[in-house]
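One structure is given here, and the rest of the page talks about it.
The values are calculated or read from the model by the stated rules, or taken from the named source; none is laboratory data. These numbers come from a predicted model, not from an experiment. Backbone-built Cβ (ideal geometry, glycine too); neighbour counts: all protein chains shown. Note: areas computed on protein heavy atoms with side chains; ligands, DNA, RNA excluded. Shrake-Rupley method; radii C 1.70, N 1.55, O 1.52, S 1.80 Å.
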Amino acid sequence: MQSPLFSYTEQQSQDRYTVQNPQLLRVSLTGQDDVLARKGAMVAYQGLMEFDGEYRSHGQRRARASTGEGLDLMRCSGQGTVYLANLAQYIHVVDVDHDGMTVDSAYVLALDSSLHTEVIAVDSQYGISGTGKYQLNISGTGKVALMTSGQPLMMQVTPDKYVNADADAIVAWSSSLRVQMQAQTHSSGVWRRRGTTGEGWELSFLGQGFALVQPSEVLPPQNHEIGQGVRAQYGMGQQGAHGQNQNNSWN
């Protein structure tokens, strides 16, 4: 049998994480350290591998129930190679150091089991209950595989150059940054879009670090049922289910 498909062979690498192609991650396991991956993300594997549901503490379960933020993970262990992907999203491997990284959990594909995760809140400028945003703080030393819808933009934040990003387009940022959620409108119309522009909630970043933005304002489908068994989760913007509900209620 002959086909151009035979050019899509395995990437040979000694690294633990290798981007097999822009939308597929190759993880090598030696039997020493496990990797935690998004449940259901395995598309293929070679070798003696085991996949188990990752234990979540009471605090993690409670945080997930009250905020909607958190990771549903499986533990990948053994000796061999596992390939991970999610909805053909673009994959990026990031080194987490002592500064830490804050990320929307919807964009985490895999991470080293040695890393620590914690749900944190981003306050709105109005102090109105329910208008904040919850994110996942990742700390320790190790690697995280992130996903984006399309090729992302990495924006540098410095003390004299702050960055504003759409709350539905932001993927991750340096945990050392000062962050505030804001809407360019007056408080009585906090849920309204900015005039007729279709813009609304933003995150404002100040300090020294980075902010990673994707060219999309819609999260990958997951968690919530919409229509005939299709599961989806969207953000707070105009394209999101939550944003649409608020627009319908307040306009």
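For the range 1-108, which fully contained strands (runs of 3 or more DSSP E) count at least 1 residues that are at pLDDT 90 or above and among the polar types (S, T, N, Q)?
Answer list for the range 1-108: 17-21, 24-30, 42-53, 73-84, 101-103.
Give me the residue from the range 202-216 that is in a strand (DSSP E or B) and either β-branched (Val, Ile, Thr) or open to solvent by 20 Å² or more (accessible area, probe 1.4 Å) (or both) and, out of that set, nearest to residue 99 (Cα to Cα). Steps first, please.
We begin by selecting, within the range 202-216, every residue in a strand (DSSP E or B); these are 202-206, 209-213.
With the extra rule that they be either β-branched (Val, Ile, Thr) or open to solvent by 20 Å² or more (accessible area, probe 1.4 Å) (or both), the set shrinks to 202, 206, 210, 213.
Numbers: 202: 23, 206: 15, 210: 11, 213: 19 Å.
The qualifying residue nearest to residue 99 (Cα to Cα) is 210.
Give the residues of the range 1-47 that are farther than 13 Å from residue 83 by Cα and hydrophobic (A, V, I, L, M, F, W, C), sorted by residue number.
1, 5, 6
Pick from 141, 117: which is at pLDDT below 90 and under 20 Å from residue 27 (Cβ atoms)? Spell out the reasoning first.
On the way: 141 fails: at pLDDT below 90.
It is 117.
For the range 102-114, which residues satisfy the criterion of being more than 11 Å from the chain's Cα centre (by Cα) and either open to solvent by 40 Å² or more (accessible area, probe 1.4 Å) or over 14 Å from residue 26 (Cα atoms) (or both)? If you could, list the steps in order and put the result at the bottom.
Start the filter on the range 102-114 by keeping residues that are more than 11 Å from the chain's Cα centre (by Cα), which leaves 111-114.
Hits for the range 102-114 are 113, 114.
Output the number of residues of the range 151-182 satisfying the condition of being of a type in the set (Ser, Thr, Tyr) and more than 15 Å from the chain's Cα centre (by Cα).
3
If I ask for residues that are of a type in the set (A, V, I, L, M) and under 19 Å from the mean Cα position of the chain (by Cα), which ones from the range 14-35 would you list?
19, 24, 25, 27, 35
Considering the range 157-171 alone, what residues qualify as being closer than 13 Å to residue 204 by Cα and either modelled with pLDDT of 95 or more or assigned to a strand (DSSP E or B) (or both)?
Residues satisfying the conditions are 157, 158, 161, 163, 164, 165, 166, 170.
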